[in-house]
Amino acid sequence: MYKGCSGCRKAKKWLEGKGVDFEEVAIREISPSKTELQEALAAHEFNLKKLFNVSGGDYRSLGLKDKLPSLEVEEAYELLQSNGNLVKRPFLATDKGCVSGFDEAIWSSLVS
């Protein structure tokens, strides 16, 4: 979670409202693991763009808009793991799977 992220605040409020126990992780400092990124990519039907914070400054400064279409998946994982600012927030990691971005229906299936 990132306090400056409105989606993170919305997700936190939703989790608390559902009575879900969760641990907040500072995604900017501790990026998701490769396994978590792989699970999130599968949850997003292998749409690599869904893992990236496309509105972030780091995404823009690295020119990823133009690079993403030809980016190898392994390269994407390395970028996301080395720079938590690039990861689409909020990022949910559970025993049932992982997903980036807040989608109530998907999150419901992962926390119930």
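For this structure, a couple of remarks:
- Mean-square fluctuations from a GNM of the chain, with a 10 angstrom spring cutoff on Cα atoms, peak among R28, R60, R89 at R60.
- For the chain, adding -39500 (n - 2.57) for each run of n ≥ 4 DSSP H residues and dividing by the number of residues yields -12000 deg cm²/dmol at 222 nm.
- Between the alpha-carbon centres of segment 2-40 and segment 65-81 there is a gap of 22 Å.
- Segment E23-K10, extension gain: residue separation times 0.36 nm, minus the distance between their alpha carbons: 3.2 nm
- Proximity of backbone amide H atoms, modeled 1.01 Å from N, is registered between C98 and A40 at under 5 Å, excluding neighbours fewer than 5 places apart on the same chain.
- Of E23, E75, E39, the one that fluctuates the most in a GNM where the chain has Cα springs shorter than 10 Å: E23
- Exposure proxy ranking for V25, V87, based on other Cβ atoms within 10 angstrom of each Cβ and starting from the fewest, stands as V25, V87.
- If you run the Gaussian network model on the chain, springs between alpha carbon atoms under 10 Å, then out of L15, L51, L92 the most flexible one is L15.
Quick note: the coordinates plus some simple rules give every number you see, no bench work behind them. This one's a predicted model, so the numbers in the text were calculated from it and none came from an experiment. When we count neighbours, we look across all protein chains shown, and the Cβ atoms used for this are built from the backbone with ideal geometry, even at glycine.
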